[in-house]
Each structure stands twice: as C-alpha cells, then as structure tokens.
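**Student:** Pasting a structure below so you can have a look.
Only the coordinates and a few stated rules stand behind these numbers; no lab work does. Fair warning: this is a prediction, and the values are worked out from it, not measured in the lab. Cβ: placed from backbone, ideal geometry, glycine included. Neighbour counts: every protein chain shown.
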Amino acid sequence: MELFYHSAKVLLGTLKDVSPIIGVILFFQLVVIRKKIDHPGRLIYGFCLVVIGLAIFMIGLEEGLFPLGEAMSRQLTNFYFLAKGNAAILEEIDTTGSVYPLLYFWTYIFGFCIGFSTTIAEPALIAVALKAKEVSTGAISPWGLRLAVALGVAIGISLGCYRIVTGSPLHWYIVAGYLVVVCLTFFAPKMIIPLAYDSGGVTTSTVTVPLVAALGIGLASNVPGRSVIVDAFGLIAFASLFPIISVLVYGIISERIVNRSRRKSLRKA
Amino acid sequence: MIAFLIKLAKNIFSVFLNILPILVVVTSFQLFVIKQPFPDLAATISGMFFVFVGLFLFIQGLEIGLFPLGEKMAFQFSVKANIWWLLIFGFTIGFSTTIAEPALIAVAKKAGEIAAEANAIQHTSESIANYAFGLRITVAFSVGFAISVGVFRIVKGWSIQWFIIIGYICVSIITAFAPDEIVGIAYDSGGVTTSTITVPLVAALGVGLASSIRGRSPIIDGFGLIAFASLTPMFFVMLYGLIIY
C-alpha cells in the first residue's frame with residue numbers, strides 16, 4: 001500500500017512536469033499554425049510512455065543512482081581505506097583531523113574513469129560527432145572529437161573532486177577556465193567554435209548527472225573539514241567547462257596537422 | 001514492423017550504453033581497489049534496473065509522440081513564422097522542456113535537502129519543495145531566455161563568441177556578489193539543464209533555422225543554442241540566490 005501510494009504520488013508529479021510541453025505544442029499547433037495534429041493517437045500513447053517512464057526513472061534514481069554515488073564516495077573516503085593499514089597515517093588523521101589531499105588519489109581516478117567511460121559511450125555525443133564530420137566534410141574526425149570531449153569531462157570531474165577535497169573556492173577555477181576558453185577561441189578554427197561551446201552542455205547525460213552530483217555530495221560530507229552546502233556542488237560545472245577547452249585544443253591541433261601536410265604536398269608538387 | 005523492432009533494439013542499446021560504463025567502472029573499483037562487498041547490493045541493483053526501464057520508456061515515448069511533432073513544428077516555424085512568433089516559440093520550448101528534464105528535477109531536490117540541512121531554509125518538506133521548484137522555474141526561465149536570444153542571433157547572423165564572452169563576464173561579476181551557498185548549484189545548473197528532452201528539440205530548431213536562412217551555415221550557426229542554454233542558468237540562479245538568502 002505504501003509503495004502504491006508513493007508511486008501514485010511520483011506519477012502525479014511527473015504528469016505535472018511533462019504537461020507544459022504538451023501545452024506548448026497544442027497551443028502552437030492549434031492556435032498559431034492552425035492545423036490538425038497528424039497522429040493524435042500516437043501523441044497520446046507517446047505522452048503516456050513519457051509520464052510512466054519518467055516516474056519509474058525518478059524512483060530508480062532515488063533507489064539506485066544516488067545511493068550508488070554516495071556509497072562509492074563513502075567507501076573511497078573511508079579512513080581505513082585511505083591509510084591502507086598504515087597505522088602512522090591513521091594516527092596522523094586522528095590527531096590533526098585532516099587528510100593529506102593526495103591520499104584521495106583513488107577518488108580522482110574514479111572520477112576520471114566515470115567521466116571518460118560515460119562520455120565516450122554517450123549516444124548524443126556519437127550523433128553530434130557524426131554530424132560534425134558530415135558538415136565539415138571530414139575535417140573533424142568523429143573519434144578525435146569524442147576522445148577530446150571524453151578527456152575533457154574526465155579531467156574536469158577528477159579536478160573537481162580534488163577541489164572538493166581541498167575546499168578551495170569554486171569560482172577561481174571557473175573564472176580561470178573561462179579565461180582559457182576566451183584565449184583559445186581566438187586561435188581556434190572558426191568551424192570548431194560553436195561545436196566546442198555546445199559540447200560542454202551536451203555531454204552530461206541524464207544518468208551521469210545524478211551519479212556525479214551524488215559523488216560530490218558524498219565527498220563533501222565525508223572529507224573532514226568540508227561543508228556540504230558550500231563544497232558539494234560544482235562537479236557538473238567542471239564537467240561542462242573542460243570539454244570546451246579540450247575541443248578547442250583539438251581543433252587547433254588538427255588544423256595545424258592539416259596545414260602541415262598540405263604544405264608538404266604543395267612543396268612536392 | 002521490422003523497422004519498429006530495429007528502432008526498439010536501438011533505443012534499448014542506447015540506454016544500455018548510458019548505464020554500462022558506470023557498472024563496469026563501479027564493479028572494477030569494488031573488486032580491485034576497495035576489495036569489500038558492496039553495501040546494499042540488492043537495493044542498488046533493483047534501483048539501477050528501474051533507471052534502465054524508466055529511461056527506456058521515457059525515450060521511447062519521446063520518440064513516438066513528442067519529437068516528430070516537435071521537430072516538425074520547430075522546422076515549420078523556422079521556415080515560415082515571423083520573428084516574434086519564433087522568439088516566443090523558442091522561449092516556450094526552452095521553458096517547458098527544462099521543467100520536465102529528469103536530471104534537473106533530481107538535482108534541484110537534492111539541493112533543497114542540502115539547503116535545509118545547513119539551515120539555509122526551513123527544514124520542512126514544504127519549504128524544500130518550494131526551494132527546489134523555485135530553482136527549476138529559474139533555470140527553465142533562463143533556458144527559455146537563452147533559446148530566444150540564440151534564435152535572434154541565428155536570424156541576425158552575429159558571431160557566437162561575443163555573446164559567450166559577455167555571458168562569462170556577467171557570470172564572473174555576479175559571482176562576486178552571490179552568497180557562497182548558491183554558487184556551486186548555480187554553476188552546476190548550466191550543465192544539468194540540457195539533456196534528454198531539451199537537446200533534440202532545440203537542435204532541430206537551430207539547424208532548421210540555419211538551413212532555411214540564406215547564407216547561414218548549419219554548423220557555424222546551427223550549433224550554439226545549447227551553449228547559450230548552459231550559460232544563462234548560472235547567471236539567473238545566482239540572482240535567485242541573491243534574492244532568497
């Protein structure tokens with residue numbers, strides 16, 4: 001009964017969340033375009049699937065993804081795990097009440113792996129990479145682009161974990177990142193710029209975002225001396241900023257390579 | 001029928017691709033690095049199963065019902081409508097898809113719980129829900145705003161980097177005034193907003209616009225709407241923080 005009540009509540013909530021889209025589509029279709037909708041049955045069927053799917057997903061998020069991220073960060077920040085049975089380190093943690101940031105290196109590696117693997121497999125990114133190849137007539141290679149974005153996300157999350165551990169202010173990293181982006185923009189080939197800016201937002205998928213958020217919250221609540229409200233967030237910001245940098249760098253490098261080979265072939269001719 | 005089954009298999013595979021890397025990384029860390037049994041294994045597995053099924057149905061429903069109609073409308077609008085309707089359409093599409101974005105719903109709720117635990121807001125489920133909803137409305141408004149500005153940019157053919165640089169400057173300035181408690185979630189909200197629903201519809205609008213206006217290239221002008229949509233929420237969420245704290 002409890003479960004039924006809970007599911008009904010979630011279902012009602014998602015219904016409310018999805019209804020604005022339906023409202024917008026109906027309004028523009030009926031009032032502005034003034035045409036009948038082609039397949040009303042399919043629209044209703046799809047709408048039902050969206051509402052039910054979203055409700056199940058939200059339950060799975062609470063039961064699966066959030067606990068997973070929190071469990072991983074709890075285990076990776078456990079003092080006994082960090083000390084690896086070294087009594088001297090444990091005692092130092094006990095007396096000083098703080099942990100040397102580099103002891104958390106497995107956390108940084110974990111962040112790197114999660115960022116890299118989820119991004120390289122991300123279907124949205126694969127689609128964008130293929131489209132970019134098509135429009136650039138082969139100058140942007142899909143694998144190069146995917147690798148650049150995945151490396152950017154991986155470095156971003158890993159550095160973001162380091163920031164949470166050290167507790168240094170988020171905005172310094174972000175503002176510094178912006179400066180790098182602005183400088184690189186002036187050197188990057190024009191074609192890659194909008195693609196690079198977009199790649200920041202596209203890459204963080206619906207599954208990755210909650211997991212990474214939970215990782216950050218877990219880190220901030222388990223690392224001694226950190227406050228959850230100030231330090232917990234920011235990982236996703238890192239994961240959206242660094243791909244911009246890495247894709248711009250990728251664009252600059254691949255242009256250099258193309259130019260060099262072109263010059264070589266000109267000289268031969 | 002066969003085409004439908006292929007599509008079905010493709011959707012199952014793409015959701016699987018979203019979850020598989022996480023499972024591989026977590027399992028190998030658990031086995032080789034942490035070397036301890038996973039806490040609450042059964043509950044987490046069933047939860048991940050819910051994530052898989054839910055996301056699959058969600059994407060399936062979007063592709064059957066919303067995307068074909070939404071993309072067609074976005075395209076029709078970009079070809080025919082006058083600029084005002086186009087701007088209004090961009091705003092409402094951005095706003096309504098963001099309200100339904102699953103990742104944002106989840107993260108906003110978490111942010112509300114954290115704010116309550118830190119006594120920044122009252123510790124009742126009602127005030128947590130209000131805070132989370134306020135956050136989502138703010139983000140949805142900013143995405144709507146961003147899409148309108150982005151559409152206007154494509155129509156005018158202005159280059160994107162000036163908008164982005166000005167946006168960065170605004171974000172940097174308001175960071176100096178915003179309360180510490182909101183900065184993290186504000187920066188994160190930029191990346192959270194644009195996922196499953198927003199990206200396909202907005203991309204259809206951008207590419208449709210760029211290919212229907214003479215002298216615009218789909219790659220230079222068509223992309224870039226998402227970039228705006230991940231930039232403006234940072235600014236407006238910090239503004240929201242300034243108001244409520």
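**Student:** Could you tell me which chymotrypsin sites (Phe, Trp or Tyr not before Pro) in the stretch B:127-235 are loop residues by DSSP with no more than 15 other beta carbons within 10 angstrom of their beta carbon?
**Tutor:** Counting only loop positions with at most 15 other Cβ atoms within 10 Å, the chymotrypsin sites (Phe, Trp or Tyr not before Pro) in the stretch B:127-235 are B:TRP158.
**Student:** How big is the charge dipole of chain B about its Cα centre, in debye rounded to the nearest 20, if each Lys and Arg gets +1 on its Cβ and each Asp and Glu gets -1 on its Cβ?
**Tutor:** I would put it at about 900 debye.
**Student:** List the lysines whose Cα sits under 20 Å from the Cα of B:LYS80, skipping any in the same chain fewer than 8 residues away.
**Tutor:** By straight Cα distance, B:LYS80 reaches A:LYS35, A:LYS36, B:LYS72, B:LYS156.
**Student:** Sticking with this structure for a sec: Please label the shape of chain B as rounded, prolate or oblate, based on the square roots a ≥ b ≥ c of the eigenvalues of the alpha-carbon gyration tensor (a/c under 1.5 means rounded; beyond that, a/b larger than b/c means prolate, else oblate).
**Tutor:** Verdict is oblate for chain B.
**Student:** Please report how many Lys pairs in the stretch A:77-268 have alpha carbons closer than 26 angstrom, counting only residues at least 8 apart along the chain or sitting on separate chains.
**Tutor:** Total qualifying Lys-Lys pairs in the stretch A:77-268 comes to 4.
**Student:** Mind checking which helices in chain A clear 24 Å along their axis (Cα) and have mean Kyte-Doolittle hydropathy of 0.5 or more, DSSP H runs only?
**Tutor:** Length and hydropathy pass: A:2-27, A:40-60, A:142-166, A:170-187, A:235-268.
**Student:** Taking a ≥ b ≥ c as the square roots of the eigenvalues of the Cα gyration tensor of the stretch A:1-67, is the shape rounded (a/c under 1.5), prolate (a/b larger than b/c) or oblate?
**Tutor:** Since a/c reaches 1.5 and a/b is larger than b/c, the shape of the stretch A:1-67 is classed as prolate.
**Student:** Moving to a separate point now. Can you grab the distance from the C-alpha centre of the stretch B:128-191 to the C-alpha centre of the stretch A:1-26, Å, no decimals?
**Tutor:** What the calculation gives is 27 Å, centre to centre.
**Student:** Turning to a different aspect of this structure: Calculate the length of the line joining the C-alpha centroid of the stretch B:1-31 to that of the stretch A:225-269, in whole Å.
**Tutor:** Spelled out, the Cα-based centre of one part sits 28 Å from the other.
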